[in-house]
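The values are calculated or read from the model by the stated rules, or taken from the named source; none is laboratory data. Keep in mind that what you see is a predicted model, and the values were worked out from it rather than measured. Here Cβ is always computed from backbone atoms with ideal geometry, including for glycine, and neighbour counts include all displayed protein chains. The protein model used for the area step is the full one, side chains on, heavy atoms only, and it has no ligands, DNA or RNA in it. Shrake-Rupley method; radii C 1.70, N 1.55, O 1.52, S 1.80 Å.
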Amino acid sequence: MITRRNFLINTSLAATAVCAVPSLAFTMNKKEIGLQLYTLREELGKDVKSTLKKVANAGFTTVETYGFSIKDQFWGLSAIELKKILDQNGLKAVSGHYNLGSFLADGNTTELKAAIEAATILKSEYLTIPWIDEPLRRNIKDYKVIATRLNEAAKMCQKAGLKLAYHNHDFEFQKHDGVTGYEILLKETDKDLVYFELDLYWVVRSGNDPLKLFKENPGRFKMWHVKDMDKTNPALNTEVGSGSIDFKTIFKEAKQSGMKHFFVEQENNYNPNAFDSIKVSCNFISKKLL
């Protein structure tokens, strides 16, 4: 879907120039600009090699994977094969999203063990849980069970040299008897073992303030998803810096947050296509936020 903002070709070219030379973008800040690969899900489904090459050429040096399954691994590639392609393009999969529905539901560790093995092969730092199925999060008791499972998974990850993180959407901020699911997860998980990847778009979309979360839970948000909100239709994403989220203020509090890595993500509303969108986002972040 095309946004209402006309895409300017000179902006795209500027983004390519700045982002293609990471040393320029990162002179004042050691944090690298990462990309959640779900942004390019259609492209990856067609050609993993060329897509990852374009990601590297756009200036990204870190990525976050998604979509792993025991059967198909990563888009039909094994973790070993994917690691080789990442290495060829100077990319590191710092984190990966691994759907662990069966483990969260009944404690079955089959999926979790496979995910840990894959993340280890990729030499990732974080194994991140991106989603809780709706039947597993209906009340306070459910969230307490999830918190217990996160602690258990974190211990398994630690033994393998990994860290466990949890990625939010907006449903975690729904209240159950006056308490949000997110509050339960923050309170009842081991702060030395379970970390949080804060999706800034979903925090703002749910009517909450990232800065308030940082202040109340300093140091717990080791990763961010940097995803902007369309000014006209909040249900849509847009290129970072083109929407309504005040990233300049948020980035100033990165230290209090504990943020070590962040990933650009855009799920829809590309202008005019996904590759040009990530270049625009990269350009804005390197020039205005770092």
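Does Asn217 fit the bill of being surrounded by fewer than 22 Cβ atoms within 10 Å (Cβ to Cβ) and at pLDDT 95 or above?
yes
Output the residue which, of all residues in the stretch 130-150 that are of a type outside the set (D, E, K, R) and open to solvent by 30 Å² or more (accessible area, probe 1.4 Å), is nearest to the chain's Cα centre (by Cα). Please lay out each step first, then the result.
Step one: of the stretch 130-150, the residues of a type outside the set (D, E, K, R) are 130-132, 135-136, 139-140, 143, 145-148, 150.
Now restrict to residues that are open to solvent by 30 Å² or more (accessible area, probe 1.4 Å): 131, 135-136, 139-140, 145, 148.
Working: Trp131: 12, Pro135: 23, Leu136: 22, Asn139: 26, Ile140: 26, Val145: 24, Thr148: 23 Å.
Here the answer is Trp131.
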Practice prompt. Could you grab the pairs with beta carbons closer than 6 Å, sequence gap of 6+ or different chains, first residue in the stretch 195-208 and open to solvent by 10 Å² or more (accessible area, probe 1.4 Å), second one among the charged types (D, E, K, R)?
Written response: Tyr195/Lys163; Tyr195/Lys222; Trp202/Asp170; Arg205/Asp170; Ser206/Asp170
Fill in: Criterion violated by Ala115 - all others in (1) in contact (Cβ under 8 Å) with a residue 40 or more places away in the chain; (2) open to solvent by 10 Å² or more (accessible area, probe 1.4 Å); (3) under 25 Å from His261 (Cα atoms) satisfied
(2)
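Residues are listed down the side, and each one gets a yes or a no for (1) in contact (Cβ under 8 Å) with a residue 60 or more places away in the chain; (2) loosely packed, with under 15 Cβ neighbours inside 10 Å:
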| site | (1), (2) |
| --- | --- |
| Gly45 | no, yes |
| Lys54 | yes, no |
| Thr62 | yes, no |
| Asp72 | no, yes |
| Leu77 | no, no |
| Leu91 | no, no |
| Val94 | yes, no |
| Glu111 | no, no |
| Thr128 | yes, no |
Worksheet item: With respect to the numbered conditions (1) within 22 Å of Phe171 (Cβ to Cβ); (2) crowded, with 24+ Cβ neighbours inside 10 Å; (3) touching a residue at least 40 places away in the same chain (Cβ under 8 Å); (4) out of contact with any His (no Cβ under 8 Å at 6 or more places or on another chain), which one is the sole condition not fulfilled by Met223?
Response: (4)
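Just the residues that are open to solvent by 10 Å² or more (accessible area, probe 1.4 Å) and touching a residue at least 24 places away in the same chain (Cβ under 8 Å), please, taken from the stretch 266-284. Spell out the reasoning first.
Within the stretch 266-284, the first condition is being open to solvent by 10 Å² or more (accessible area, probe 1.4 Å), and the residues that meet it are 267-268, 270, 272-273, 275-276, 279-280, 283-284.
Selection gives Glu267, Asn268, Tyr270, Pro272, Phe275, Asp276, Lys279, Val280, Asn283, Phe284.
Yes or no, residue by residue, for (1) assigned to a helix (DSSP H, G or I); (2) within 24 Å of Met259 (Cβ to Cβ); (3) touching an Asp or Glu at 6+ places or on another chain (Cβ under 7 Å):
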residue: Phe60; (1), (2), (3): no, yes, no
residue: Lys84; (1), (2), (3): yes, no, no
residue: Gly96; (1), (2), (3): no, yes, yes
residue: Ala119; (1), (2), (3): yes, yes, no
residue: Ile146; (1), (2), (3): yes, yes, no
residue: Ala153; (1), (2), (3): yes, yes, no
residue: Gln158; (1), (2), (3): yes, yes, no
Worksheet entry | Residue ID - nearest to the chain's Cα centre (by Cα), chosen from residues in the stretch 161-193 that are within 20 Å of Thr65 (Cβ to Cβ) and surrounded by 15 or more Cβ atoms within 10 Å (Cβ to Cβ) | His167
Discussion item. Any residue at all in the stretch 228-241 that's among the aliphatic types (A, V, I, L, M), open to solvent by less than 50 Å² (accessible area, probe 1.4 Å) and within 21 Å of Gly67 (Cα to Cα)?
Written reply: no
Response to the item:
For the stretch 121-144 the number of residues that are in a loop (DSSP other than H, G, I, E, B), under 23 Å from Trp224 (Cα atoms) and of a type outside the set (A, V, I, L, M, F, W, C) is 6
Item to complete: Only one of these is in contact with a strand residue (DSSP E or B) (Cβ under 8 Å, 6 or more places away or on another chain), of a type in the set (A, V, I, L, M, F, W, C) and either over 15 Å from Gly258 (Cα atoms) or at pLDDT 95 or above (or both): Val179, Val204. Name it.
Response: Val204
